[in-house]
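Take a look at the structure set out below.
The values are calculated or read from the model by the stated rules, or taken from the named source; none is laboratory data. None of these values were measured; they are calculated from a predicted model. FYI the Cβ positions are ideal-geometry reconstructions off the backbone, even for glycines, and counts take in every protein chain you see. What goes into the accessible areas is simple: the full protein's heavy atoms, side chains included, and nothing from ligands, DNA or RNA. Shrake-Rupley method; radii C 1.70, N 1.55, O 1.52, S 1.80 Å.
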Amino acid sequence: MIQQSSSCCWWYNPLVIGLLLCSTRSVTSFLQSWIPGAATVTAPPELNYFTSQIDKVVDVRLNIGLISNQLFVIDNFQFHLCNDPLDSGATRITLPGADGPRPILSSGPHRIDVTNNGSFINMDGLQSVPLKHGVWELVWRDDGLAGLIICGLQLDRDARRNDAILPKGNLYLTFPIWSTQRLKEKQAEKKEAELKYKEFETERNLQLEKLKETPNLLKKAMYFRQAAKAVENMDNTGFHLLVNLPTEDEVLNIGGTASDEGVLKIVKTGTLWSKTGSFRSNDGKQKLIGTASLF
C-alpha cells in the first residue's frame, strides 16, 4: 500500500503543505490559537467577492502515492464547483476551514456535483470510483498572497490496484488559488529578482574561478570574501522565496471574465489527503496520500 505515514507535527499537515505552495505568510491561517500571531488573522474583505466568481467544471486526476514510478492513477473525474452555498442542515463531510479553529477565513461549504466518476483498470477490468457528498470552500486570510480551494468528498469503498490502495473515508483535495492581479505582480517581482540573482551568481562563479587559479594566498582570501559577498547578494534578492511561484502554464482560470482583474487562477497541481476526527481539536489521523491534477 502506497501511503505517507502520519505525523503529529503541524508542519506535516497536508493543508500546511498546500499553504506553503501559496506563501509562507499564509501558514498561520490554520495554526492553533496558542501559537503567537495566529489569533490575529482575519478574512479579507474580498473573500465573498472571490467566492462569488467560482462556478467551474474541472477534470480531475488522482495520483495515489508519492513515488512517480509507483503511482496508482485514477482518471476521468469531473467535478462541478457550484456557486450556491450548501444549506446549513445538508449532509456533508467536515472541512478544515469552515469546521476548523478559524471559520472566519472560510467561504463556508459549497456544493460539488460529481458529473463523472473516476475510473482505473486492474486485473478485473475497468473499475469505477464513485465519490459523494462533495463540498468545497475557499480559504483566504487578509494579508495572504494567495488562498486555497479545498474540496472534500467521501469514498464508500477502497479502490485497489495491486498493492496500491485509495482508502475509503473522507478525502480532501487542496489547490492554491491566486487573483490574476496578485499573481502578475509576483511574477514580475520574480522576473526582476531572477535577473539580479543571475548577475550575482555570475560574479560568484568568476571570483571562485579566480580563487582556483591564483597561487597567491592573500589573493585567495580576497577572492573568497568577494565570492561570499556575491552569495549573500544572491540570497538578498529573495529569488529563492519565489522560485516555486506558478507560471501561466501551471494555472487555470477558475472564475470571473478575461477582462476582469478579479479573475481567479487555480494551480493545476494540488495535494490529496485524508483525515479522521475533528479539525477543530486536531485529533484523529491525517495522511498525505498523493497529488491531484486539474485539466
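Quick look at the numbers
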quantity	calculated
Leu153 part of a strand (DSSP E or B) and over 26 Å from Asp249 (Cα atoms)	yes
Residues that are open to solvent by 10 Å² or more (accessible area, probe 1.4 Å) and either in contact with a Leu (Cβ under 6 Å, 6 or more places away or on another chain) or on the phi > 0 side of the Ramachandran plot (or both), drawn from the stretch 158-172	Asn162, Lys168, Gly169
Residue satisfying all of: in the stretch 51-88; open to solvent by less than 50 Å² (accessible area, probe 1.4 Å) and part of a helix (DSSP H, G or I); modelled with the lowest pLDDT among these	Gln53
Condition check for Ala193: aliphatic (A, V, I, L, M) and in contact with a helix residue (DSSP H, G or I) (Cβ under 7 Å, 6 or more places away or on another chain)	yes
Any hit, the stretch 144-157, residues being open to solvent by 10 Å² or more (accessible area, probe 1.4 Å), under 18 Å from the mean Cα position of the chain (by Cα), farther than 18 Å from Ser52 by Cβ and not charged (D, E, K, R)	yes
Matching residues, the stretch 89-116, being charged (D, E, K, R), closer than 17 Å to Phe50 by Cα and surrounded by fewer than 18 Cβ atoms within 10 Å (Cβ to Cβ)	none
Check on Asp124, in contact with a Lys or Arg (Cβ under 9 Å, 6 or more places away or on another chain) and surrounded by fewer than 17 Cβ atoms within 10 Å (Cβ to Cβ)	no
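Table: residues versus (1) closer than 30 Å to Asn48 by Cα; (2) open to solvent by 60 Å² or more (accessible area, probe 1.4 Å); (3) polar (S, T, N, Q).
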site: Glu203; (1), (2), (3): no, yes, no
site: Glu248; (1), (2), (3): yes, yes, no
site: Trp273; (1), (2), (3): yes, no, no
site: Lys285; (1), (2), (3): no, yes, no
site: Leu288; (1), (2), (3): yes, no, no
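Quick grid of which residues meet (1) assigned to a helix (DSSP H, G or I); (2) of a type outside the set (Gly, Ala, Ser); (3) closer than 30 Å to Pro176 by Cα:
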site: Lys220; (1), (2), (3): yes, yes, no
site: Tyr223; (1), (2), (3): yes, yes, no
site: Gln226; (1), (2), (3): yes, yes, no
site: Asp235; (1), (2), (3): yes, yes, yes
site: Leu245; (1), (2), (3): no, yes, yes
